[in-house]
Amino acid sequence: MTATPPESTPPSVDSPHYQLRLFITGSTPRSTRAIENLRKICEENLDGRYELEVIDVYERPETTRELQIVATPTLVKVLPEPLRRIIGDLSDELKVLAGLDLAPRPPQRD
């Protein structure tokens, strides 16, 4: 399953494009929560500059070997380098942003 966000603003040359892989195990509440948390973080912080591939390890167990996935959910930031892994339901937004090398955005004023 691959999700590509709609284009909102064209990415600038200085803004890297992110290639992310989220490894999950089936349609469990923990997997669903990880997908929702990650999509929210990406929509709020990456402005369409990402590709997200959600991989169910039950359906594609061979995919875990290459990146040595031992627990799920696991988020792997493939690009930009360096490769990073974040394990868990991705509910700690600051931890996820740090793993993606992103600074939190300041709150928007109404």
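The values are calculated or read from the model by the stated rules, or taken from the named source; none is laboratory data. Remember, predicted model here, so these are calculated numbers, not experimental data. When we count neighbours, we look across all protein chains shown, and the Cβ atoms used for this are built from the backbone with ideal geometry, even at glycine.
Give segment 21-63 a look and list any residue that's farther than 18 Å from VAL96 by Cα, of a type outside the set (A, V, I, L, M, F, W, C) and surrounded by 14 or more Cβ atoms within 10 Å (Cβ to Cβ), or say none.
Scanning segment 21-63 gives THR25, ASP56, THR63.
I'm trying to understand the selection: among the residues of segment 69-101, which are outside any loop (DSSP other than H, G, I, E, B) and hydrophobic (A, V, I, L, M, F, W, C)?
Once the filter is applied, which keeps residues that are outside any loop (DSSP other than H, G, I, E, B) and hydrophobic (A, V, I, L, M, F, W, C), segment 69-101 yields LEU75, VAL76, VAL78, LEU79, ILE86, ILE87, LEU94, VAL96, LEU97, ALA98.
Only one of PRO16, PRO104 is assigned to a loop (DSSP other than H, G, I, E, B), modelled with pLDDT under 95 and touching a helix residue (DSSP H, G or I) at 6+ places or on another chain (Cβ under 8 Å). Can you tell me which?
So the residue among PRO16, PRO104 that is assigned to a loop (DSSP other than H, G, I, E, B), modelled with pLDDT under 95 and touching a helix residue (DSSP H, G or I) at 6+ places or on another chain (Cβ under 8 Å) is PRO104.
Only one of ALA103, ALA98, ALA71 is surrounded by 14 or more Cβ atoms within 10 Å (Cβ to Cβ) and free of Cβ contacts under 8 Å to residues at least 24 places away in the same chain. Can you tell me which?
Exactly one residue qualifies, and that residue is ALA98.
Which pairs have Cβ atoms under 8 Å, sit 6 or more apart or on different chains, and link a residue in segment 25-44 that is within 15 Å of ILE55 (Cβ to Cβ) to one that is assigned to a helix (DSSP H, G or I)?
These pairs meet every condition: THR25/SER31; LEU38/VAL96.
Going by the conditions given, is ILE69 more than 12 Å from the chain's Cα centre (by Cα), β-branched (Val, Ile, Thr) and at negative phi?
Here the answer is yes, as ILE69 does meet what is asked.
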